[in-house]
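Participant: There's a structure below that I have some questions on.
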Amino acid sequence: MADDFRSLLDADRVIHEPARLIITAILYSVESADFLYLLRETGLTKGNLSSHLSKLEEAGYVQIEKTFVGKIPRTLCRLTEAGRAAFEDYRARLKRAVDSMPQADEP
Amino acid sequence: MALITDKLETAMRRTHRYWYEDGLAEIAAGILFLVGGLIVFVGYLLATHPPESPLAVLVLALGLIVVAWGGTVLVGRVVSRAVTAVKSRVTYPRTGYVAYRSTPAKRSGLAGRLALAGAAFVLSMVLSGALSAVAVALRPPDWVFSMAMVQGVVIGIVLFGLGRRLHVTRFQVLAGVSVLVGMVIALSDPPAVLDVRNSIIYFVIMGSILTASGLITLVRYLRQTKPAGEV
């Protein structure tokens, strides 16, 4: 059990931040999502979301593409292969740590 | 920590559920059901008022199969494009755009989908044969294995599975409605096991219910959301 918990210490700090974790979880489920969808689902402010997406982009986990739909701008975000691998690794570590936790009434 | 994993799973599940949030998928399914009922009705007319010439019967039957298959594919594509177009104008400006990952079926192209359709057809024939064998062995009342009842149960199972996977309660309710509709039709006019009329009635009623459910969901969605440009 101790090893499973300790593995969380080595978890990717970029993904570990709760807002970025939710962003990568959402993007992991889809091919791509736009800024408006992420804004609505995460409940973050525009500035906050932009900041987190920039950090994920700097880490090479998210690819951001600015396009137009007619005359309306659309910012599309998608997880890179590195981002997918990083999320899967983090999720596996988290699951191991949670599964190794004793129940409340166990010693 | 368990709460974090729950939040992750919820976020991912909500993303899968998003496609159904505006009710357009139900409206599309309702339209397809109504078209399906129309195709079965045309087949029923052919069966009950056949031309005198056997050759004409054969040609019309083959033609009906081709038209039914081609019509279903064509209507499916038209409806699919219409849904995408309406989402582009209504849904995406309000609550955002999502592109879903391709499934193996979509990546396989037309040939793959035809193979899938063929496999589904064979499976449905095998299931029908198995059901008939069960019917003979168990000797239940005729209405249990009427087409409307079987359709109601099969569609109900599909809707329930979808609703359970996505945690969409209204799909689970529609599943119950499907079974109920099939049962009411089967009981109200106890038919021969392969009575196509009740199948047509099931398609029309269930198609109307799905369309109405989709419209109610769409109206609720439009009231609860605004285009992103508005405050």
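Participant: For a Förster distance of 25 Å, can you work out the FRET efficiency between the beta-carbons of B:Tyr100 and B:Ile65, rounded to the nearest 0.05?
Facilitator: 0.20
Participant: Further question on the same structure: For A:Val98 and B:Val78, FRET efficiency with R0 = 41 Å and r from the beta-carbon atoms, rounded to 0.05?
Facilitator: FRET efficiency, B:Val78 to A:Val98: 0.30.
Participant: Can you compute the FRET efficiency between B:Val153 and B:Leu45 using 1/(1 + (r/R0)^6), with r the Cβ-Cβ distance and R0 = 25 Å? Round to the nearest 0.05.
Facilitator: It comes to 0.40.
Participant: Let me ask another. From the helices alone, meaning DSSP H stretches of at least four residues, give me the mean residue ellipticity at 222 nm for chain A, per-run term -39500 (n - 2.57), in deg cm²/dmol to the nearest 500.
Facilitator: Helices in chain A give a 222 nm mean residue ellipticity of -16500 deg cm²/dmol.
Participant: Let me ask another. Give me a comma-separated list of calculated 3J(HN,Hα) values for the range A:47-52, in order, Karplus coefficients 6.51, -1.76, 1.60 applied at θ = phi - 60°, integers in Hz, x for any Gly or Pro.
Facilitator: Rounded to whole hertz, the list is x, 4, 5, 4, 5, 5.
Participant: For the range B:28-42, just list the computed ³J(HN,Hα) in residue order, Karplus coefficients 6.51, -1.76 and 1.60, θ = phi - 60°, integers in Hz, with x standing in for Gly and Pro.
Facilitator: Those phi angles translate into 4, 5, x, 5, 5, 4, 5, 5, x, x, 5, 5, 5, 5, 4 Hz.
Participant: Now a separate question. Less than 22 Å apart at the alpha-carbon level, and either on another chain or at least 8 residues along: which lysines does that give for B:Lys7?
Facilitator: Filter leaves A:Lys46, A:Lys55, A:Lys95.
Participant: Before anything else, pin down the relative contact order of the range A:2-99: Cα pairs under 8 Å, at least 6 apart, normalised by residue count, whole percent.
Facilitator: 37
Participant: Which value, to two decimals, describes the C-alpha radius of gyration of the range A:2-99 once divided by 2.2 N^0.38 Å?
Facilitator: 1.15
Rule-based calculations on the coordinates, nothing more; no lab input. Keep in mind it's a predicted model, so treat the numbers as computed, not measured. No Cβ is skipped: glycine too gets one built from the backbone with ideal geometry, and neighbour counts run over all protein chains shown.
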